[in-house]
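Single-structure report; data block below.
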Amino acid sequence: MGVQGLTTYVESNRNFLQDVRFRDSRLVIDGCSLYFRLYFNYGFDQQHGGDYDAFACFLNEFLSALETCNIKPYVVLDGGMDPSDKKFATLRQRLQSRIKEADSICHGRNGSVLPILVRKVFLQVLNQRGIPLVQCPAEADWEIACLARQWNCPVLTNDSDFYIFDLPAGYLPLHFFQWTNLNGKASQRYIPSRCYTTNNLCRCFGGMNRELLPLCAVLTGNDYGAPKETETLLALADVSALGRGGGRGRGKAPVSRVEGILIWLSSFPNVTEALKEVSRLMDGAAGAGRRGQGGGLSSKLLAAMQEYNIKAQSPLAPWFSEGTLAPRGKTSGLAQLPECLSLAAARGQLSPLALDAFVMQRVLLIPQVENSKLASSHCSSRPIRQAVYGILLQKAENTATPVQTQSHGSGSPIFVEEYDRLDLNLSKKQVEPVILWNHIHLGGLSQAPAAVRLGVLFEVLGVTQSALAPVPLHLQLAVAVTGFWLREATPAPSQPLLQALVIGMIYGELTSNNQPGAPLERSRVRSGERRRVDVGAAHCLSQWQSCLWSALCLNQLLLVPLPEPNVLFSGTLVHGLFRYLKGGWPVESLLPGGSLSGQLCFCLLDAVKDCSLKANPSSFGSGKKNRGRGRRGRGGRGGRGWSRGGGRGSEEINNRFALLMSEEEEEEAD
């Protein structure tokens, strides 16, 4: 959520926050706030599709800083959309704004768009580090506040709603959490920070009743909006406050809307009296013939305030102590999920896309940096999502029916609404779920053999097990997705772009295995890549990321028949490699040292080729299932001859990185 103008107001007044030396404590972390903050505020790439490897390294540094200070993090993440739809208008507005910002970034202007796989990288690093985490069914603010209250520990987030929640141990705004600047002796290291409590705020308003703060949030306006009569009420309250000499007798006008509301509310002893005044003001303004309007507004305000009414016992505490989920009511949309998927969702192993499709039959597709004159990058991956929708929404009685559109028992079709970019506008499309030949219904997932679940994954991606056999197991999903991308992407990816992508995977492998020397070589390849983006390459790579994003969701839904690859894609690296390959540099000249990397590279390139050519003729898809066959002549079929670029002298190859640097400088001089 978020209260309009509250962060600016609080952070501009030093009396509301106090300096702390934070150490030796539990810490409840708003996971979504953290990955947004770390990615945007520390300058990671957005223009080229993201630098997930650098982000993963930085996140590890953050977690190590917590460990050094004996801080025990517990990460809580948002899940799907709020099923009440109260926030849907706000979500649509944000999505439209991000579409425009992505286009702005694509053309070298300012903007902020989170690369599509940042959340996945965040979860992978947390799991590798053994950090306790939970994904909530929908927005997590309330659950975070309840957990922090029960444990009497602070919350780390960047959400102004936590200036309203009454948390005994307070709220640590990410803006003031100086984790890169540890202080103290070796055995007593701490993170300098600033801590907010509602006590500090209320003390500055004459000991104002803390229970009035939720009313302040609702009147000010949060992500759920405010009752439409609120503006009338605030105008009336302003007149009334001025008539009483400025509310607290200060004799001066409030400096902001937030402060004006706080001054007015501080004149009431409790919520009941404040709402009585709301009724009196509104009834007085309505006139004798329209009495009762004030009571209606009071009821709306009181209902909206319940979002901030936190409980003493958190529903998340049993999860972190015992690994058990609190029972969900029968009215909860997720109550119908099989237990295996409910647990996967809580572990962050079932994506918000799947939760939204299951509960709401609606998904919001994340904008990417791409060519806005072409179809959205998510169009290429739609067949994968159709399979996700088919598994989630099909009825058990339909499981004997091959490839078909899903329908209700009455015969009316089920659709999932996808909100995606159309040119530069947000557009809604009705997408049909599709049931597969190797179908398995939702209730039978946990009983289905791994081979059956793997067969479903291969069917959707249009690959065969034999094509993937030479590939290391942990890379098979990435290779299968890349073969799918070659068939489905429009325009068709070029050979140099495919080669750059695969070389990027090799560097990612070195990073995940902590190979010495890899970061140095990569930084030299990437030097100078912060210029205007190649829009064609960016669009193709955004399609690849969308395919991988959707395939990771499908793989999770199928209970992970293939291990997930480490998502250590570096967009700046792949764009840089693409330029040099397009200019005639051989593949070998751009690989890290050692023969193993060359062997792996050509193994992956050959496997991708085979996956793109050997799609099952009856495979499920978007009507482009035979496209791969038209590409047999691309570069020839002769094994590595298809994969390698043209040659240069051995002296140039041996000095490849020095030459890359000098060539870059010459280009800039021109």
Problem - Criterion: more than 16 Å from Ser546 (Cα to Cα), open to solvent by 10 Å² or more (accessible area, probe 1.4 Å) and among the hydrophobic types (A, V, I, L, M, F, W, C) - qualifying residue of Leu468, Leu473, Leu445 - result: Leu473
Problem - Candidates Leu172, Leu133, Leu156, Leu114 - the one that is more than 19 Å from the chain's Cα centre (by Cα), under 19 Å from Leu34 (Cβ atoms), aliphatic (A, V, I, L, M) and assigned by the TED database to the domain that holds Gly49 - result: Leu172
Exercise for the section: Just name the residue that is nearest to Val3 (Cα to Cα) out of those in the range 134-149 that are part of a helix (DSSP H, G or I) and of a type outside the set (Phe, Trp, Tyr). Expected result: Asp141
Exercise for the section: Take the range 58-88 and flag every residue that is at pLDDT below 95 and open to solvent by 50 Å² or more (accessible area, probe 1.4 Å). Expected result: Pro83, Ser84, Asp85, Lys86
Handout entry: Qualifying residue in the range 260-273 (condition: at negative phi, at pLDDT below 90 and of a type in the set (D, E, K, R))
Key = no
Exercise for the section: Please tell me if Gly184 is on the phi > 0 side of the Ramachandran plot and outside the structural domain of Ala304 (by the TED database). Expected result: yes
Problem - Selection within the range 345-368 - over 15 Å from the mean Cα position of the chain (by Cα) and open to solvent by less than 40 Å² (accessible area, probe 1.4 Å) - result: Ala346, Ala357, Phe358, Met360, Arg362
Exercise for the section: Report whether or not Ala467 is at pLDDT 95 or above, more than 29 Å from the chain's Cα centre (by Cα) and within 20 Å of Ile384 (Cβ to Cβ). Expected result: yes
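Of all the helices (runs of 4 or more DSSP H) wholly in the range 302-386, which have at least 2 residues that are in contact (Cβ under 8 Å) with a residue 12 or more places away in the chain and small (Gly, Ala, Ser)?
Output list reads 339-346, 352-360.
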Completion exercise
The lone condition Glu339 fails out of (1) closer than 30 Å to Tyr74 by Cβ; (2) modelled with pLDDT of 90 or more; (3) crowded, with 19+ Cβ neighbours inside 10 Å is (3)
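Out of the residues in the range 480-501 that are assigned to a loop (DSSP other than H, G, I, E, B) and aliphatic (A, V, I, L, M), state the one that is farthest from Leu590 (Cα to Cα).
Our first condition is that a residue be assigned to a loop (DSSP other than H, G, I, E, B); within the range 480-501, this holds for 489-494.
From the residues that got through so far, the ones that are aliphatic (A, V, I, L, M) too are 489, 492.
Values: Ala489: 25, Ala492: 23 Å.
The extreme case among them is Ala489.
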Problem - Failed criterion for Thr230 (all others in (1) of a type outside the set (Asp, Glu); (2) open to solvent by 10 Å² or more (accessible area, probe 1.4 Å); (3) at pLDDT below 80 hold) - result: (2)
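Which members of the range 114-133 meet the condition of being part of a helix (DSSP H, G or I) and over 14 Å from Pro352 (Cα atoms)? Talk me through it step by step, then tell me what you get.
Here is the first cut: in the range 114-133, the ones part of a helix (DSSP H, G or I) are 118-129.
Residues satisfying the conditions are Val121, Phe122, Gln124, Val125, Leu126, Asn127, Gln128, Arg129.
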Practice task
Pull up the range 241-259, narrow it to residues that are modelled with pLDDT of 65 or more and surrounded by fewer than 20 Cβ atoms within 10 Å (Cβ to Cβ), then point me to the one that is nearest to Gln4 (Cα to Cα).
Solution key: Arg257
Problem - Those residues of the range 540-592 which are open to solvent by 10 Å² or more (accessible area, probe 1.4 Å) and small (Gly, Ala, Ser), in sequence order - result: Gly583, Gly584
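The values are calculated or read from the model by the stated rules, or taken from the named source; none is laboratory data. Worth saying up front: this structure is predicted, and the values here are computed from it rather than measured. No Cβ is skipped: glycine too gets one built from the backbone with ideal geometry, and neighbour counts run over all protein chains shown. The protein model used for the area step is the full one, side chains on, heavy atoms only, and it has no ligands, DNA or RNA in it. Shrake-Rupley method; radii C 1.70, N 1.55, O 1.52, S 1.80 Å.
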